[in-house]
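The values are calculated or read from the model by the stated rules, or taken from the named source; none is laboratory data. In this text the structure is predicted, and so the values were computed from the model without any measurement. Heads up, the Cβs are rebuilt from the backbone with ideal geometry, glycines too, and the neighbour counts pull from every protein chain shown. Surface areas here come from the heavy atoms of the whole protein model, side chains and all, with no ligands, DNA or RNA. Shrake-Rupley method; radii C 1.70, N 1.55, O 1.52, S 1.80 Å.
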Amino acid sequence: MLNLQPINELKGHPCFNPGAHHRFGRIHLPVAPRCNIKCGYCDRKLDCANETRPGTSSRVITPEEALLALQKALVEEPRIRVAAVAGPGDPLANEETFRTFELVSKTYSGMIKCLSTNGLFLPGKVDRLALLGLKALTVTLNAVHPEIGSRIYEWVDYEGERLTGYDAADRLIKNQLEGIKRAVELGISVKVNTVLIPGINDSHVEEIAQTVKELGVHLMNIMPLYPAASFKDLARPTASQLQEVRSTASGILPQMTWCRQCRADAYGLLSAQTCLS
Ligand code: CLF
Ligand code: SF4
């Protein structure tokens, strides 16, 4: 097992620093409804399955409402150190994400800004995120081979074209890896989330870990599939399956094991699982 060294400026980040999740909280500002891809496990009536607990729904708020929500949440829970956008769609497919970070920066300059994305638009938008002061980035990466990815992603909308099958996965994966590389160059800390899908990518996780490690990713979060939508008949990984895959991957990259698969409107300590009303 590798040691997980907290990155200094993210010491108050409950997801990036193992020592922080009992002491500091985060808020997810649900300003991003649109998505640019279709994951097989995603039910569009629910929150983004990459950062949420499927089965729960959230409302969408404007950037101005998000700032008010942050102000209110800080009164209730002053230990919030991170303002994040994690859905309910893909944050980078929504201009409101950028406006929200602008507003947060103006009012709370010390707040850590965080974002979770499928990575499709990352190459074109990561420089803008860095200029806005984003310090923590999560990319959900479920495959590094298009053959495997094509079993996970139903389509990808890119530059005015709807791609399917191999081409969809190939474009998504290329953009994810290019975007991660650029984010690391810009000094952003990158975590990769991988949804563990038994029978599809369970024997591929080691290769994902190795690939992203070489790009400078310093933390991995393997999350068990919540069966839904096209994947509703797949089995949810058991605790021992999850443990086994994490244990193997931990020889390559430090593992986040305290993830709560939060909703896109969660706030407070990770353990509290409260959401915006
Ligand atoms: Fe939110 Fe994600 Fe930022 Fe954390 S959550 S955008 S990195 S501030 Fe954390 Fe929640 Fe797990 Fe995500 S526990 S689902 S890893
Ligand atoms: Fe659904 Fe999130 Fe995948 Fe988009 S990135 S299809 S919202 S799970």
With respect to P254, determine if the residue is farther than 30 Å from I61 by Cβ, crowded, with 17+ Cβ neighbours inside 10 Å, in contact with an Asp or Glu (Cβ under 9 Å, 6 or more places away or on another chain) and not β-branched (V, I, T). no
Restricted to segment 246-258 and to residues being within 30 Å of A73 (Cβ to Cβ) and outside any strand (DSSP E or B), the residue farthest from ligand 1 (Cβ to nearest atom) is P254
Looking across segment 259-274 at residues that are assigned to a loop (DSSP other than H, G, I, E, B) and in contact with a Ser or Thr (Cβ under 9 Å, 6 or more places away or on another chain), the single one that is farthest from ligand 1 (Cβ to nearest atom) is D265
Flag if G199 is open to solvent by 70 Å² or more (accessible area, probe 1.4 Å) and on the phi > 0 side of the Ramachandran plot:
no
Matching residues in segment 1-29 (modelled with pLDDT of 90 or more, touching a Cys at 6+ places or on another chain (Cβ under 9 Å) and not basic (K, R)) number 4
Taking segment 204-235 and keeping residues away from ligand 2 (no atom under 16 Å from the Cβ) and more than 16 Å from L141 (Cβ to Cβ) leaves D233, A235
Within segment 258-277, restricting to residues that are surrounded by fewer than 21 Cβ atoms within 10 Å (Cβ to Cβ) and within 16 Å of ligand 2 (Cβ to nearest atom), the one that is farthest from A66 (Cα to Cα) is C259
Among L137, L132, L115, the single one that is within 25 Å of F24 (Cα to Cα), in contact (Cβ under 8 Å) with a residue 24 or more places away in the chain and touching a Pro at 6+ places or on another chain (Cβ under 9 Å) is L115
Considering residues that are in contact with a Lys or Arg (Cβ under 8 Å, 6 or more places away or on another chain) and β-branched (V, I, T), the number found within segment 246-267 is 2
The strands (runs of 3 or more DSSP E) lying wholly within segment 55-169 that contain at least 1 residues that are among the charged types (D, E, K, R), surrounded by 15 or more Cβ atoms within 10 Å (Cβ to Cβ) and within 13 Å of ligand 1 (Cβ to nearest atom) are 80-85, 112-117
Go through the residues of segment 214-233 one by one and say whether even a single one is surrounded by fewer than 18 Cβ atoms within 10 Å (Cβ to Cβ), among the hydroxyl-bearing types (S, T, Y) and more than 23 Å from K38 (Cβ to Cβ). no
Across segment 248-277, the tally of residues that are of a type in the set (G, A, S) and closer than 17 Å to V192 by Cβ stands at 3
Restricted to segment 234-251 and to residues being among the small types (G, A, S) and free of Cβ contacts under 8 Å to residues at least 60 places away in the same chain, the residue least open to solvent (accessible area, probe 1.4 Å) is A249
Of the conditions (1) small (G, A, S); (2) modelled with pLDDT of 90 or more; (3) within 11 Å of ligand 1 (Cβ to nearest atom), the single one that G40 does not satisfy is (3)
Does segment 229-241 contain any residue that is under 23 Å from C114 (Cβ atoms) and in contact with a strand residue (DSSP E or B) (Cβ under 8 Å, 6 or more places away or on another chain)? no
In segment 192-245, anything in a loop (DSSP other than H, G, I, E, B), in contact with a Ser or Thr (Cβ under 8 Å, 6 or more places away or on another chain) and closer than 16 Å to V144 by Cβ is listed as N201
